[in-house]
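Participant: Okay, handing you the structure first.
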């Protein structure tokens, strides 16, 4: 396993203004950027497809969505769907549970435990944040990107050759 922080993709280095002043890898593979904003894959529906339609246009505009990125974006969108579905199920349970608001459920043996939907929501929230960071969709990830303010049209205009 490699030591140290994961290397940043070249387009992120360019967007950040290459603060480390290390040479830019001009030989890095450049996956095909689709000619138009891609539709969500057929296997995404509901909240996942809705999230794809919400974020894909901006990722495309920034030059951060290539054909290689579709599966990663789909995983992010599926995590959003799982998160929202778990929260909705918890809200329904809370309406019918005036004592514990759905926080506690009975086990098969009559005991009590934390509602498993919380684990589902928490895990999917963690996945959402992790994959969102891959695309610069979190405040911390965006704070490391400076290029747009420095005049890179469409995110990477001066870098693309």
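Every number in this text was worked out from the coordinates using simple rules, so none of it is lab data. Remember, predicted model here, so these are calculated numbers, not experimental data. So basically every Cβ, Gly included, is an ideal-geometry build from the backbone, and we count neighbours across all protein chains shown.
Participant: Any number yet on Rg/Rh for the range 2-135, C-alpha, Kirkwood?
Facilitator: Result for the range 2-135 is an Rg/Rh of 1.14.
Participant: Could I ask something else about it? Place the peptides 35-43, 19-27, 132-140 in order of packing, highest mean first, counting for every residue the other Cβ atoms within 10 Å and averaging per peptide.
Facilitator: In descending order of packing, they fall as 132-140, 35-43, 19-27.
Participant: Hey, could you get me the Stokes-Einstein D for the range 68-117, Kirkwood radius over alpha-carbon pairs, 20 °C and 1.002 mPa s, rounded to whole µm² s⁻¹?
Facilitator: The calculation lands on 170 µm²/s.
Participant: Right, here's the next one. How large is the Kirkwood hydrodynamic radius of the range 30-99, in angstrom, based on all distinct alpha carbon pairs?
Facilitator: About 13.4 Å, per the Kirkwood formula over Cα pairs.
Participant: Gain in length, residue 45 to residue 95, computed as 0.36 nm per residue apart minus the alpha-carbon separation, to one decimal in nm?
Facilitator: 15.3 nm
Participant: Now for a separate question. Determine, for each peptide in 87-94, 106-113, the mean count of other beta carbons within 10 angstrom over its residues, then list the peptides with the highest first.
Facilitator: Peptide ranking by packing, descending: 87-94, 106-113.
Participant: OK, next. If I stretch the segment between residue 140 and residue 119 completely, what's the gain in nm (0.36 nm per residue apart, minus their alpha carbon distance), one decimal?
Facilitator: Separation in residues times 0.36 nm, less the Cα-Cα distance, equals 5.1 nm.
Participant: What's the extension gain from residue 108 to residue 87 if we count 0.36 nm per residue and subtract their Cα-Cα distance?
Facilitator: Here the answer is 5.3 nm.
Participant: Report the calculated FRET efficiency for residue 28 and residue 53 (r = Cβ-Cβ distance, R0 = 35 Å), to the nearest 0.05.
Facilitator: It comes out at approximately 0.75.
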